[in-house]
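Enquirer: I am attaching a structure below and will ask some questions about it afterwards.
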Amino acid sequence: MRRLITVVSALALVLLPLPAQAAEVTVTQHVRLGFTAELPVSETISDSCCLGAASYSVSFDGTASLTVDMGADVSVTYDNADLIGGGAMPIDIGYTPTNDAGPELVLDVSGDFELAFDILGLVDGGDTAENVTFAAAVGDFTAPLAGDAPIDIPISSSTLEFFVLGIKVADAHIEGNLNLAPVPSGILPGLGGAAAGLAVDGSGALTAPAIPLVEWQTPGDQPATVALDNPLSGSIDLTTSPVVHWVAPTLDLVLVVDLVGAINFFGLGDVNETLISGDLGAELQAAGLDTLVGDAIGGLAGAAVADRIASGFIPIPLLEPELDTISLTSTPTLGSVEFSIDVDSDDDGLPDGEEIALGTDPFDPDTDDDGLTDGDEVNIHGTDPLDPDTDDDGLTDGDEVNIHGTDPLDPDTDDDGLIDGDEIALGTDPFDPDTDDDGLTDGDEVHVYGTDPLDPDTDDDGLTDGDEVNVHGTDPLDPDTDDDGLEDGLEVDLGLDPLDPDTDDDGIPDGQDTEFIENAIAALGDEAFKDSSPGKGLREALTKNLENVERAVARGQHAKAVQHLENLRKHLDGCGAEADGNDWIVDCGAQIQIRDLIDLLIANLSA
């Protein structure tokens, strides 16, 4: 006789091998543990009396449809401060059963019911009820763990009435109750309460527990430890598989057939047939489910699980897909709950734990907003990820690296006495200590002399700032250091002392003295003069006229001196494209030089 226990026996299929593939942030995933099953159910009960004069049989042939759908939250809790390369990160694996919307267990038994009887061979007949739902169980509950009350699920039944020749002869129904109790821990981890296998991939490896299994007797967390790679990057991938919730089912089923009318006249008794009572261990063994699951797991673990199932305990699994259909002839695929811990939440190249230790923000790739990621500051540049301007030079570290190329750890990259930020602001070259190539460093020009580091001749006197300071000792900010009416550069070019307003000590300032013009004329070659052959005297004529000018100046006759100069200038004013006939200097470049000097002297004497 094959009994309705077949429906409940099928639950044992949910436990498959536990080859686990194995994270203060809590990540929770909701899962549905359970399955659906369609199983054949048949039952026949018969009786007779009076040496066979009267007999009957009651039979049922149909299908049991079972859905188990138990919700649970699986979580991983970790502290991202522990995400440090080479460290050991404690994690907690959490499990909490939930009472989700809708029933957690639904059982329907439907099919064809038949009653047949015979009385003295005179009445041979029966009645049938086709495609009826004969029994049902519905449970709405939170799956029990240790300390929880068992779950009672009453089994209800339709009452079927049977008639022969219009006369009611019998009623039939089922009475019963399904009880699901929590399961205590077994001899090995994972054989009680709820259980999961663990595995860790990516940037970590599971170091505890030694057996990669966790078991929850009550809702809450179970600890484990992950050894972290060094360097630490990418993710830590934690897999819990399988996830099962053990229950201890007991089932009481009684088939009740009440005979009425003429059948009772012949002494045929009513039927109260106990189909099953108590725990299901023997039924599970009889169905061979303990061996099926144990062999699938193999080894000591398989034997332990088989013994557990044979003792009447059933694991309810997470399947893939959830609530997959299972049967005695097929092996369902176990599902996994996967958690991926991003070791570098902001992808800046520093693991979260290192950022927390440093004080940077693990959720902001550039904590100090300087244009460099925290990871690049620490791992590449050596700058301070909490200070946007590590060397305090007025430039952000990011601008130094990404725009200017200066050294973010050296405030004065070119060692010229100007910090890089000031150089950028001024427009000087932070890689060239003497941007204008005048012989003075940019820093000295700005901080010591006050000259323009972008202009080699700040006072436009014809001398570079560096030559004024380093060679001549003149003032690079004053084109005429000795205030004699001649610019420093001109004095140097013409052999005068730019620091002495009266180089020849004749009582006439250099700027009013013809000496600077005479020196310029003396420096010209003979070919510059109209009478290029020696001895014709135009050079001497120029010099003679200038001596007359000097004597007038010495007497204080500046107007007369100017008049002499203007007359002399008439012999130096012909050059356009070429000199004219009365020009004494025919080299136009030389003529213009001497004419300009005469104009300067005229201006100085006229002032």
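Enquirer: Cut-off under 17 Å on the C-alpha distance; same-chain residues fewer than 8 positions from residue 168 excluded. Which aspartates and glutamates are left, in chain and number order?
Expert: Once the sequence-local aspartates and glutamates are set aside, what remains near residue 168 is 114, 118, 124, 127, 258, 270.
Enquirer: In segment 403-534, if the dipole is taken from +1 on Lys/Arg beta carbons and -1 on Asp/Glu beta carbons about the Cα centre, which of 433, 485, 403 is farthest to the positive end?
Expert: Checking the options against the dipole of segment 403-534, the answer is 403.
Enquirer: Take the Cα coordinates of segment 342-402, assign each an equal point scatterer, and use the Debye formula without solvent to give log10 I(q)/I(0) at q = 0.13 Å⁻¹.
Expert: Rounded to two decimals, the profile gives -0.27.
Enquirer: May I have the pair-distance distribution P(r) for segment 373-532, computed from all Cα-Cα distances with 10 Å bins from 0 and rounded to whole percent?
Expert: With 10 Å bins starting at 0, P(r) equals 11, 27, 20, 16, 12, 8, 4, 1, 0.
Enquirer: Say the dipole of the chain comes from +1 at the beta carbon of Lys and Arg and -1 at that of Asp and Glu; which of 321, 84, 574 then lies farthest toward its positive end?
Expert: With unit charges placed on the Cβ atoms, the residue in question is 321.
Enquirer: What do you get for trypsin sites (Lys or Arg not before Pro) in segment 498-607 restricted to DSSP loop and a cutoff of at most 13 other Cβ within 10 Å of the site's Cβ? List each step's numbers first, then the result.
Expert: Numbers: sites: 530, 536, 539, 544, 551, 555, 560, 569, 570, 595; in loops: 530, 536, 555.
Taking segment 498-607 and a limit of 13 other Cβ atoms within 10 Å, the loop trypsin sites (Lys or Arg not before Pro) found are 536, 555.
Enquirer: Under the √(5λ) rule applied to the eigenvalues of the Cα gyration tensor, what semi-axes describe the equivalent ellipsoid of the chain? Give them in Å, descending.
Expert: Taking √(5λ) for each eigenvalue gives 120, 23, 16 Å, largest first.
Enquirer: Here is a follow-up. Report the Cα centroid-to-centroid distance between segment 64-79 and segment 495-567 in angstrom, as an integer.
Expert: Using only Cα atoms, the two centres lie 111 Å from each other.
Enquirer: If you stretched the chain out fully between residue 470 and residue 307, how much longer would it get, using 0.36 nm times the residue separation minus the C-alpha to C-alpha distance?
Expert: Here the segment from residue 470 to residue 307 would lengthen by 48.6 nm.
Enquirer: Okay, next question. To the nearest 20 debye, what is the magnitude of the charge dipole of the chain about its Cα centre, counting +1 on the Cβ of each Lys and Arg and -1 on the Cβ of each Asp and Glu?
Expert: Once rounded to the nearest 20, the dipole reads 8080 debye.
Enquirer: Evaluate E = 1/(1 + (r/R0)^6) for residue 233 and residue 156, where r is the Cβ-Cβ distance and R0 equals 60 Å; express this FRET efficiency to the nearest 0.05.
Expert: Approximately 0.55, to the nearest 0.05.
Enquirer: Take the Cβ-Cβ distance between residue 504 and residue 425 as r, set R0 to 45 Å, and report the resulting FRET efficiency rounded to the nearest 0.05.
Expert: After rounding to 0.05, the efficiency reads 0.45.
Enquirer: Find, among the chymotrypsin sites (Phe, Trp or Tyr not before Pro) in segment 359-452, those assigned to loop by DSSP (not H, G, I, E, B) with at most 11 other beta-carbon atoms within 10 angstrom.
Expert: Here no chymotrypsin sites (Phe, Trp or Tyr not before Pro) fit, given the DSSP loop and packing criteria.
Enquirer: On to the next question. With viscosity set to 0.692 mPa s at 37 °C, what whole-number translational diffusion coefficient in µm²/s follows for segment 90-223 from Stokes-Einstein and a Kirkwood radius over Cα pairs? Walk me through the numbers before you get to the answer.
Expert: On the way: Rh = 19.4 Å.
The Stokes-Einstein estimate is 169 µm²/s.
Enquirer: Subtracting the Cα-Cα distance from 0.36 nm times the residue separation, let me have the gained length for residue 603 to residue 73 in nm, one decimal. All intermediate terms of the calculation are to be shown ahead of the outcome.
Expert: Working: separation 530, 0.36 × 530 = 190.80 nm, distance 10.00 nm.
Full extension from residue 603 to residue 73 adds 180.8 nm.
Enquirer: Next question, about the same structure. Return one quarter of the surface area of the convex hull spanned by the alpha-carbon atoms of segment 525-607, equal to its mean projected area, in nm².
Expert: 5.3 nm²
Enquirer: Per DSSP helix of 4 or more residues, -39500 (n - 2.57); summed, then divided by the residues of the chain. What does that give at 222 nm, rounded to the nearest 500?
Expert: -5500 deg cm²/dmol
Enquirer: Tell me which of 277, 339, 236 sits at the most positive position along the dipole axis of the chain, charges placed on C-beta atoms (Lys, Arg +1; Asp, Glu -1).
Expert: 277
Enquirer: Return an integer: the convex hull volume of the alpha-carbon atoms of segment 436-483, in Å³ per residue.
Expert: In segment 436-483, the Cα hull volume divided by residue count equals 57 Å³.
Enquirer: Could I ask something else about it? Using a/c under 1.5 as the rounded threshold, could you call segment 168-261 rounded, prolate or oblate? The axes a ≥ b ≥ c are square roots of the C-alpha gyration tensor eigenvalues, and prolate needs a/b larger than b/c, oblate otherwise.
Expert: Numbers: a/c = 6.34, a/b = 3.80, b/c = 1.67.
Note, shape of segment 168-261 comes out prolate.
Values quoted throughout were computed directly from the atomic coordinates according to the rules given, and no laboratory measurement underlies them. Owing to the predicted nature of the structure, the values given are computational and were not obtained by experimental measurement. In this analysis, Cβ positions are derived from the backbone assuming ideal geometry, glycine residues included, and neighbour counts consider all displayed protein chains.
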